[in-house]
1. Just to confirm the number: angle between the C-alpha axis of helix 12-21 and the first principal axis of the chain, 0 to 90 degrees, nearest 10?
2. Could you point to the residue in ALA20, ALA258, LEU221 farthest towards the positive end of the chain's charge dipole, with +1 and -1 charges on the Cβ of Lys/Arg and Asp/Glu respectively?
3. Using the charge dipole of the chain (Lys, Arg: +1 at Cβ; Asp, Glu: -1 at Cβ; taken about the Cα centre), state which of GLY273, LEU190, SER314 has its Cα farthest towards the positive end.
4. What is the sum of charges, Lys and Arg at +1 and Asp and Glu at -1, for the other residues whose Cβ falls under 14 Å from the Cβ of ALA81?
5. Can you tell me the dipole magnitude for the chain around its Cα centre, using point charges on the Cβ only (Lys, Arg +1; Asp, Glu -1), in Debye to the nearest 20?
6. Taking the alpha-carbon distance from LYS165 and a cut-off under 25 Å, which lysines remain once sequence neighbours fewer than 8 residues away in the same chain are dropped?
7. Do you know the relative contact order of the chain, to the nearest whole percent, from alpha carbon pairs under 8 angstrom that are 6+ apart?
8. Once the convex hull of the C-alpha atoms of the range 142-202 is built, how many Å³ does it hold per residue, rounded to a whole number?
Amino acid sequence: MRIAVLSSPNSWYLSDLRRAAGNRHIIECVGFRNLHSTIVSGGRRSAEPVRSNGNRDGLRGASPSPSLVCAGETALNEFDAVLVRSMPPGSLEQVVFRMDALAQLETSGVPVLNPPKAIEAAVDKYLTTARLAAEGLRVPSTAVAQTTDEACELFAELGGDVVLKPLFGGEGRGLTRLSDPDLARRAFRLLEDLGGVIYLQEFIPHAGRDLRLLVVGERVLGMQRVSNGDWRTNISRGARAEPLEVTLQLAELAHRCAAAIGAPLAGVDLLPGLDGELYAIEVNAVPGWQALARCTGVDVARLVLDCLEKARLSS
């Protein structure tokens with residue numbers, strides 16, 4: 001297969017995918033910032049189809065396709081599959097266009113992993129939490145506000161000990177634990193002044209570890225992330241990865257979380273609370289696997305490519 005990977009050219013994951021692909025697949029790196037799109041009227045029958053890869057007859061078939069998504073001079077419609085391996089920051093308009101372009105590509109018949117709708121749901125923590133709760137999964141009590149006064153009321157309702165999170169973002173960036181009402185009000189005021197949304201979750205007391213489960217199609221892999229001295233358990237913040245036995249219960253929970261946002265490939269974070277409950281914290285639709293591959297000894301990149309092959313066969 002010829003696979004386009006939306007990624008940084010210097011990404012470890014891009015190199016790992018190329019290693020796993022060997023001679024079976026061709027892996028090409030393309031960038032989100034270079035995406036552009038063309039939409040052709042359904043009634044148009046131009047003698048000069050829209051250019052693709054520099055060729056005047058770049059579109060497949062005798063007549064032009066209704067749409068074409070490109071990255072620079074590379075026509076993504078000509079690939080067998082597209083893997084989304086990064087989600088760079090951008091303005092609201094840029095992010096919306098990128099998701100629209102991926103949806104346009106998917107509609108044209110090119111498998112996109114993860115599907116655009118899954119990425120849209122996962123990138124928005126509020127929407128992810130709402131989807132998880134709607135599926136009957138246990139999540140921390142959550143509140144969202146746009147004004148300082150409302151946020152202060154919700155802060156009190158959540159017990160006065162909360163985690164303030166950016167609506168978009170990952171790897172523990174921007175997470176702040178707030179238990180002082182005055183400091184909380186200052187933080188809320190700053191976000192309000194910046195035009196941000198105030199997203200709060202109750203703080204769940206825990207023993208300094210969480211569970212990262214990786215769903216790759218039907219397969220579920222897992223590890224524990226253990227942190228000494230920091231309530232955040234992200235590997236990027238110094239937590240260490242330890243082996244985890246993925247029980248049938250954990251595998252079922254992981255699949256339910258991934259299905260809640262419609263992601264065949266998903267990183268699921270579960271937090272064992274000191275109250276004995278297991279909380280679904282987050283679902284990542286562009287999950288990393290570097291630490292997990294080292295911890296488990298599994299060739300995760302090969303599993304991801306297998307998942308793309310199945311998506312191509314079923315498309």
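Every number in this text was worked out from the coordinates using simple rules, so none of it is lab data. Just so it is clear, the model here is predicted, and its values are computed rather than measured. Every residue, glycine among them, receives a Cβ derived from its backbone with ideal geometry; neighbour counts consider all protein chains shown.
1. For 12-21 against the chain, the angle is about 50 degrees.
2. ALA20
3. Checking the options against the dipole of the chain, the answer is SER314.
4. -1
5. Magnitude of the dipole: close to 1180 debye.
6. Output for LYS165: LYS117, LYS125.
7. Reported as a whole number, the value is 17 percent.
8. In the range 142-202, the Cα convex hull volume per residue is 69 Å³.
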